[in-house]
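What follows is a single structure, written as structure tokens, with notes after it.
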Amino acid sequence: MLFKELYDSKDNRFSDLEITGVTCDSRNVKPGNVFVCINGPLNDGHKFAKNAIDSGAVIIICERDLGFDNQIIVKKSREVYAKMCAVWFGHPTEKLKIIGVTGTNGKTSVTYMLKKILEANGHKVGLVGTIQNMIGDTVIPAKNTTPSCYELNSLFSLMATEGCSYAIMEVSSHALDQERVFGINFDVAIFTNLTQDHLDYHLTMENYLAAKKKLFYMCKTAVINSDDQYSAEMMRGIPPKIVTYSTGNDSDYSAKAINYRPAAVEYELVGDSLIQHIKVKTCGKFSVYNSMAAIIAAKELGFSVLSSANALAELEGVKGRAELVPTGRDFSVIIDYAHTPDGLKNILSSFRDYPKNRLIAVFGCGGDRDKTKRPIMGKVAVYNADYVIVTSDNPRTEDPTAIIEDILVGTEGTNKPVKVIENRIEAIEYAISIAQKDDIIVLAGKGHETYQVLSTGTIHLDEREVVRDALAKLS
């Protein structure tokens, strides 16, 4: 590909230069590549421009003068990189209908629900998300919730080639802030909710909100949870058509006569000239919100609410999201990805009023992440659970004991039992060992993850296996 085909630059020196690829990672540079310097949160790509040239880069895209003859200075190299990646892969998003889902909690569940609905209506669907990426039934491992521009366009290109007509993606605040989805025109964008998370990166809730809001300047239709406290600000001034949903507020669609059951939830979806019974095979109020978002987005894409209701009634749930682990015992074990104060509150409160003996919460907080949420999660746990076991959850480079101490600040003053077991496997084994008839054990934080990130490296840790082995020991 000629450079003038890859990027429309006012600098014509390199117009007819043959380009062999584009990258923003100097370690991946091959002879004939364009290297784009991006100033990231950890490293500034401008520092590696000389390395890129030594590896064969023929053009350097940068935001400041680096003194190279083959440099082109631009205002926003992230945006230029996004454009180049789209061109390199033949503008794949123009061949697909794109649905984006953003919010602190619920993104994964909504994307899987939408995928089920669209497939039930005869379409092949691509998915980009936290658990995994998918092209139809083919699984492609995921590194980040939203991949880099290059990986994303590569995925979209493969989806189009494989016959997908729709692509559904989780859109993280990091991706929006870093322009990884710049230039994508979303047919529908969904806002689930906004609660405290990622403040280690965004610093303030205002910055976090602003990053999320970017998505709604890039879509034709916005589907918004109007029950969320930030919904009014999310909707203020955005250009697309807005459709709202709630469980009680004045909105375009609302959930009425909600019936919560241990392994399902049912409700009536009510809208203009619409009343439709909905049943979802996952528990809790969050399942009402997630299913409403998916059904309404599908309706905006032209699919009937009845077909969506039928599809969701068959969906068995999403791995690591209120996932019931078979135990063969007279107590229950639930695995959930809840790793924020609101996420933990949602999953615990969903079981608080169920017929049960005790609600036992096992959770920790990630290292090298927002420290301010740790005592808040401790407080949420002791308020909603009957027995709390504080443990480790991806401590990364931090001391696990120090993280736990931060959590325990929020548990002070409670008369409920709080036990600390740093080793997560031992914590789960202990919870299983003390389980009584009709207890519900919630293992929060890991969800779909099958690993634990320590300062010494990443180890295998699948909570389903830990539960199985703990039950075997009891036997």
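Counting only strands (runs of 3 or more DSSP E) that fall entirely inside the stretch 383-475 and contain at least 1 residues that are open to solvent by 70 Å² or more (accessible area, probe 1.4 Å), the qualifying elements are 418-420, 451-454, 457-460.
Out of (1) within 24 Å of Val139 (Cα to Cα); (2) open to solvent by 10 Å² or more (accessible area, probe 1.4 Å), the odd one out for Thr111 is which? Thr111 satisfies all of (1) within 24 Å of Val139 (Cα to Cα); (2) open to solvent by 10 Å² or more (accessible area, probe 1.4 Å) except (2). One residue alone among Leu42, Leu66 is more than 22 Å from Ser157 (Cβ to Cβ), open to solvent by 20 Å² or more (accessible area, probe 1.4 Å) and touching a helix residue (DSSP H, G or I) at 6+ places or on another chain (Cβ under 7 Å), and that residue is Leu66. Looking at this structure, is Lys116 surrounded by fewer than 17 Cβ atoms within 10 Å (Cβ to Cβ), in contact (Cβ under 8 Å) with a residue 60 or more places away in the chain and either of a type in the set (Ser, Thr, Tyr) or touching a helix residue (DSSP H, G or I) at 6+ places or on another chain (Cβ under 7 Å) (or both)? Answer is no for this residue.
Picking from residues in the stretch 227-263 that are in contact with a strand residue (DSSP E or B) (Cβ under 6 Å, 6 or more places away or on another chain) and of a type in the set (Gly, Ala, Ser), the one that is surrounded by the fewest Cβ atoms within 10 Å (Cβ to Cβ) is Ala257. When Ile135, Ile168 are checked against the criterion of being among the hydrophobic types (A, V, I, L, M, F, W, C), free of Cβ contacts under 8 Å to residues at least 40 places away in the same chain and in contact with a helix residue (DSSP H, G or I) (Cβ under 6 Å, 6 or more places away or on another chain), a single residue qualifies: Ile135.
If you go through the stretch 283-330 one residue at a time, how many are among the basic types (Lys, Arg) and either under 20 Å from Phe186 (Cβ atoms) or crowded, with 19+ Cβ neighbours inside 10 Å (or both)? Before the answer, list the steps.
We begin by selecting, within the stretch 283-330, every residue among the basic types (Lys, Arg); these are 285, 299, 319, 321, 329.
In the following step, the residues that additionally are either under 20 Å from Phe186 (Cβ atoms) or crowded, with 19+ Cβ neighbours inside 10 Å (or both) were identified as 299, 321.
Number satisfying all stated conditions: 2.
Total residues in the stretch 245-264 satisfying the condition of being more than 16 Å from Asn225 (Cβ to Cβ), in contact with a helix residue (DSSP H, G or I) (Cβ under 9 Å, 6 or more places away or on another chain) and assigned to a strand (DSSP E or B): the figure is 2. Checking each residue in the stretch 161-219 for being over 19 Å from Met113 (Cβ atoms), crowded, with 21+ Cβ neighbours inside 10 Å, aromatic (Phe, Trp, Tyr) and modelled with pLDDT of 95 or more picks out only Phe216.
The values are calculated or read from the model by the stated rules, or taken from the named source; none is laboratory data. Note that the coordinates shown come from a computational prediction; the quantities given were computed from them, not determined experimentally. Cβ sites come from the backbone with ideal geometry, for glycine too, and all protein chains shown count toward neighbours. Accessible surface areas use protein heavy atoms only, side chains included; no ligands, DNA or RNA. Shrake-Rupley method; radii C 1.70, N 1.55, O 1.52, S 1.80 Å.
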